[in-house]
Amino acid sequence: MTDTHARITVIWLIATASWVILPYIFHLPVWALLPFLFMAGWRYMIHAHGWRSPGRIVRLVLLLLATLIIYQYYHTFLGRNAGLTFLLLLMGLKFSELNAERDRILLVFILFLLILGNFLYSQSLWVAGYLVVAVIACLATLVQIQQPTGLTVKKQLFVAGKLILAALPFMLVMYFLFPRISGGLWGLTNQNTATSGFSEELRPGSFSRLVESRVPVFRVQFERDQPPPAALQYWRGAVLSDTDGRRWFQNKAVNSVNAQVINGKQRVTYDVTLEPNKQGWLFPLDLPANKPNRHILSQGLTLKARHAISERQRYRLQSYLSYDTTIPKQLDRYLALPEQTSQRVRDLANTWRKQAIGTGGNINAAIVKQAMGYFREQLFYYTLEPPLLGGDPVDEFLFETKKGYCEHYAAAFVTLMRAAGVPARVVVGFQGGEYNPAGKYLTVRQSDAHAWAEYLDQKKGWVRADPTAAVAPSRIEYGIDSLRVMSEKGLGLDLLPGAALRQSLAPGWLRDLGTGLRMRWDAVNFAWYRWVEDFNPQRQGQILKKLGLLDTSWMLRVAVLTAIVIFMLAIFAAFILRKEVTLDKTQKLYLSFCRKLANVGFNRQLSEGPLSFASRVKKTKPEWAAAINKITDYYILLRYENLGKNITLKNLRLAIQQFKPL
Amino acid sequence: MRPALQGSQVVLTQRSLYMLPTGAGWLFAVLLLVMLMTAMNYSNGLAYVLTFLLAAIAVVSMLFTHKNLHRLIIKAGPNIPVFTGSSARFAICFENKQNQRLGIMVEPFVKITPVFNKTVLARTDIPDHGQVCVDINVIAKKRGYLPMPTVLLSTRFPLGLLYTWSRRISLDSHCLIYPEPANQKIDLGLEQLSGAEHSGHHLQGDDFTGLRKYNISDPPKHVHWKAVARGRGMQTKIFSGRHSEIIWLDWKNFAGHEPEARISLLTRAVLDADKAGLEYGLRIPGKIIHPTRSSLHRHECLKALALFEVHSNTDPND
């Protein structure tokens with residue numbers, strides 16, 4: 001390898017390594033990059049300005065130093081951060097020793113490991129795209145090491161790209177069929193816990209923060225693609241049964257689960273992909289019909305994981321949209337009122353109760369109906385920016401401000417119900433979501449957070465009652481986004497009749513386009529998550545099932561995989577090694593010239609070279625000599641002499657076109 | 001072992017190519033294993049993707065490496081006679097009827113698995129649908145015809161992970177090795193001729209008498225290059241000397257030496273006489289070459305000496 005080649009190779013290595021390790025500045029201490037910067041600089045000076053290589057002792061000391069530093073910093077060499085930091089240091093130090101081809105190849109191999117290391121921090125589409133470039137660069141560097149001559153940079157990248165393209169089908173087969181195991185090999189996985197803004201408490205103001213947040217909480221795919229109507233999309237989070245008048249919270253004392261769904265109808269099956277959340281809530285649709293293993297079904301028929309959900313996870317659930325529930329024996333809790341409850345509130349409730357008893361029939365349902373009518377008919381406003389409330393928020397809200405959002409309505413409604421002797425409780429969770437037609441799934445965001453109520457019907461058990469739906473049906477029907485659009489347009493919600501409302505909610509074409517692109521991008525990301533980040537043994541099982549390989553031993557699967565790869569390789573080999581009957585363009589042009597002559601009776605013999613053929617023709621037809629000489633000369637120059645710097649194919653083509661033997 | 005590929009032209013087929021991983025290739029396998037374990041341990045989908053992508057690249061690079069030698073046509077190029085003791089140059093020509101081939105190596109045939117062999121005689125890239133010749137040099141140890149050494153072709157392109165090599169190749173190509181000229185100046189009884197015109201002059205001053213067909217041993221200076229350029233093939237200009245003297249270089253004159261020494265001395269004599277511009281003839285047992293003076297003549301004389309009492313002295317190139 002000449003000096004120039006060595007220099008170019010070193011530049012390739014430095015550039016590739018820089019690209020690969022750049023993302024590490026976000027994850028690892030910055031000093032881990034110093035050996036690389038220092039040694040790569042030195043290496044460059046060696047090749048560009050004839051500096052001396054570091055000696056063996058220097059290299060050994062640096063290696064010892066790196067080892068010590070790692071141990072001092074992490075107290076271990078194992079695990080993600082310590083291991084990768086060590087690898088980064090080693091990679092940098094490797095630049096001090098690059099004289100043999102073996103060393104250069106080893107450096108590229110370390111870079112492959114560092115590319116992999118990046119994935120331990122993030123598996124997003126962006127990271128993947130960034131590192132595809134890194135893989136191409138690594139391969140091109142390997143090509144440069146192996147083949148320093150004869151290839152331009154463009155060609156080297158082309159060779160690398162060709163290898164990747166050819167490898168893709170093989171990669172896919174291996175990816176989908178290689179037996180996956182669940183859980184890690186040694187349990188060295190350390191993840192950082194992500195956070196969620198979902199609140200287990202109801203307190204004025206706490207939801208306004210959530211409304212602002214467009215962060216997805218979970219995505220849902222329905223088995224039959226179409227989600228149930230928006231008005232039925234209640235995603236159950238926590239049940240809040242206790243209150244001190246200002247705050248609604250869970251009762252942690254009750255652990256025994258005796259609540260049950262009975263007479264469940266309209267069962268829906270769906271897959272939820274849940275973003276991490278600290279509290280471990282699972283948010284089933286309406287009431288859950290099943291319970292995934294390792295999760296808890298609580299007294300309030302809510303689902304919760306035993307631990308915080310630290311990474312995105314996917315599970316399948318079934319829910320009932322129509323049901324009855326068992327009736328709890330102890331009802332005190334659901335009737336308890338804070339002492340401070342005002343007389344006005346108690347009086348209002350009592351009026352309803354008396355009217356309901358007067359009409360007879362289902363008293364509880366009648367009281368709820370009264371309450372809903374009250375919310376609808378009185379001048380209540382649904383707003384995302386309600387006034388602050390004082391010591392008795394329910395009273396103030398009901399009789400003075402009359403402006404609020406879901407949690408005000410839910411809290412007021414439940415208070416009224418209890419005052420009227422109807423057992424009731426608050427449920428917090430999410431309502432609605434955004435359907436993505438590109439990916440056929442529903443995205444539920446923090447901004448979709450909602451609070452509603454449940455009252456106890458003497459026959460049916462717990463029944464949902466959403467006072468917000470009475471005040472602001474569009475919140476339920478069109479989702480929370482409609483509120484934002486409305487307030488942007490300076491309109492209050494529910495001041496317009498339905499049709500006009502719908503029209504004012506119709507997005508402009510620009511917004512439409514933007515929404516379309518955003519949804520498509522979200523769909524791509526979601527598909528990426530499903531097929532890459534979350535391609536676990538269960539998901540693989542679905543594919544294996546179609547191939548009839550479910551419940552087979554991993555050895556059989558590896559054997560099948562190997563057989564498929566060999567089969568594909570054979571097909572690919574037949575394609576790539578096929579006989580190429582290729583004439584170069586020069587030959588093709590010359591043959592067209594020969595055909596012209598053959599048409600007028602001069603057939604070129606197999607043994608005849610271009611020159612002897614030309615002279616034979618010229619003897620009979622001296623008048624063609626000039627043209628024939630020209631064509632023959634061009635042909636020979638182009639084909640054999642490689643001197644055709646001034647003569648191009650175009651000249652030959654033109655000469656042949658102009659030659660018209662008759 | 002399968003027999004060598006023989007003939008004046010050889011095509012590498014699938015059956016004459018072999019493949020093994022290189023050292024780097026085995027290391028790559030270890031790398032893949034480490035990556036796979038990491039992917040499994042962290043249940044990391046993208047890590048699986050990368051691992052399988054690299055594994056798949058290793059798999060398909062088998063084909064690319066194989067294709068790099070597949071259907072390559074190998075021919076012997078012309079070679080020029082040399083004297084014993086100097087290095088004979090054999091030209092191996094590659095004809096490519098496909099896309100560019102890169103990093104083709106010519107290796108000597110040795111009786112170990114070629115993957116461990118470190119000697120490379122020549123390395124070349126072959127252009128798209130083109131032809132390239134490389135020279136391999138062999139020290140000529142004795143006079144006569146030297147066969148081209150058995151070689152094999154190999155390549156590690158594109159990634160250096162795999163090594164493909166061919167069956168050994170023995171092309172029908174022989175280089176004529178002239179005997180080694182003796183070191184000492186020969187007294188040919190040339191003294192009486194020393195008054196004659198000496199070397200050099202006749203070449204420039206002499207009359208051009210005509211053209212004849214080019215012979216491989218003709219000095220390039222005498223080739224009628226203009227005719228070549230006109231496409232009439234190689235022709236040699238012939239000059240007639242006016243001042244030549246005639247001498248005979250005779251086997252008998254060197255009695256008292258070993259036969260090889262005699263040949264060596266005669267070789268020297270031929271060179272000296274030719275250089276001096278003399279007309280000389282050669283007389284060795286079994287062969288008489290009549291006096292004349294031309295580079296072809298010089299070649300004939302040296303060839304006769306080279307093949308004297310060599311067992312198979314027919315030209316294997318014919």
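The values are calculated or read from the model by the stated rules, or taken from the named source; none is laboratory data. Since this is a predicted model, take the numbers as computed values, not measurements. Every residue, glycine among them, receives a Cβ derived from its backbone with ideal geometry; neighbour counts consider all protein chains shown.
Some notes on this structure:
- Residues being without any contact (Cβ under 8 Å) to a residue 40 or more places away in the chain and under 30 Å from B:L176 (Cβ atoms) - total across segment B:63-78: 0
- The condition (being outside any helix (DSSP H, G or I), touching a residue at least 24 places away in the same chain (Cβ under 8 Å) and within 31 Å of the chain's Cα centre (by Cα)) is satisfied by just one residue among A:L28, A:L33: A:L28.
- Taking the criterion of being surrounded by 24 or more Cβ atoms within 10 Å (Cβ to Cβ) and either over 17 Å from B:T164 (Cα atoms) or more than 7 Å from chain A (Cβ to nearest Cβ) (or both), the residues of segment B:56-68 that qualify are B:A56, B:T65, B:N68.
- Flag if B:I263 is modelled with pLDDT under 85, outside the structural domain of B:H174 (by TED's automatic domain parsing), aliphatic (A, V, I, L, M) and over 30 Å from A:N629 (Cβ atoms): no
- Enumerated strands (runs of 3 or more DSSP E) restricted to segment B:83-127, each holding at least 2 residues that are away from every other protein chain (no Cβ under 14 Å), crowded, with 18+ Cβ neighbours inside 10 Å and modelled with pLDDT of 80 or more: B:87-95, B:101-108
- The condition (being buried (at least 19 other Cβ atoms within 10 Å of the Cβ), more than 10 Å from every other protein chain (Cβ to nearest Cβ) and farther than 30 Å from A:Q540 by Cβ) is satisfied by just one residue among A:F86, A:F158: A:F86.
- In a residue-by-residue description of segment A:4-14, the property of being within 41 Å of the chain's Cα centre (by Cα) and not in a helix (DSSP H, G or I) applies to no position.
- Residue match in segment A:103-123 (condition: without any contact (Cβ under 8 Å) to a residue 24 or more places away in the chain, within 10 Å of another protein chain (Cβ to nearest Cβ) and among the charged types (D, E, K, R)): no
- Of all residues in segment A:161-194 being of a type in the set (G, A, S) and over 21 Å from A:L577 (Cβ atoms), the one that is modelled with the highest pLDDT: A:S182
- Just one residue in the set B:F64, B:F52, B:F28, B:F94 is among the aromatic types (F, W, Y), closer than 20 Å to A:F575 by Cβ and out of contact with any Gly (no Cβ under 8 Å at 6 or more places or on another chain); that residue is B:F64.
- Qualifying residue in segment B:17-26 (condition: in a helix (DSSP H, G or I), at the interface with another protein chain (Cβ under 7 Å from one of its Cβ atoms), crowded, with 21+ Cβ neighbours inside 10 Å and touching a Lys or Arg at 6+ places or on another chain (Cβ under 8 Å)): yes
- Scanning segment A:90-100 finds one or more residues that are within 22 Å of B:L50 (Cα to Cα), more than 9 Å from every other protein chain (Cβ to nearest Cβ) and touching a residue at least 24 places away in the same chain (Cβ under 8 Å).
- Checked across segment A:313-323, the condition of being of a type outside the set (A, V, I, L, M) and not in a strand (DSSP E or B) holds for no residue.
- Candidates A:A574, A:A625 - the one that is within 30 Å of B:L17 (Cβ to Cβ) and either in a helix (DSSP H, G or I) or at pLDDT below 80 (or both): A:A574
- Verdict on A:T326 being buried (at least 18 other Cβ atoms within 10 Å of the Cβ), closer than 20 Å to A:Y455 by Cα, touching a residue at least 24 places away in the same chain (Cβ under 8 Å) and in the same structural domain as A:V426 (by TED's automatic domain parsing): no
- Residue satisfying all of: in segment B:134-174; among the aliphatic types (A, V, I, L, M) and within 14 Å of chain A (Cβ to nearest Cβ); nearest to the chain's Cα centre (by Cα) among these: B:V134
- Against the list (1) hydroxyl-bearing (S, T, Y); (2) farther than 28 Å from B:R101 by Cα; (3) in a helix (DSSP H, G or I); (4) facing another protein chain (nearest Cβ under 7 Å), the condition B:T51 fails is (4).
- Those helices (runs of 4 or more DSSP H) of segment A:334-419 in which 2 or more residues are within 24 Å of A:D448 (Cβ to Cβ) occupy A:363-377, A:406-419.
- Criterion: under 25 Å from A:W12 (Cβ atoms), in the same structural domain as A:L87 (by TED's automatic domain parsing), over 35 Å from the mean Cα position of the chain (by Cα) and surrounded by 13 or more Cβ atoms within 10 Å (Cβ to Cβ) - qualifying residue of A:R52, A:R59: A:R59
- Scanning segment A:545-562 for residues that are of a type outside the set (D, E, K, R), in a helix (DSSP H, G or I) and in contact with a helix residue (DSSP H, G or I) (Cβ under 8 Å, 6 or more places away or on another chain) yields A:V560, A:L561.
- Condition met for A:L483 (closer than 30 Å to A:L240 by Cα, modelled with pLDDT under 75 and assigned to a loop (DSSP other than H, G, I, E, B)): no
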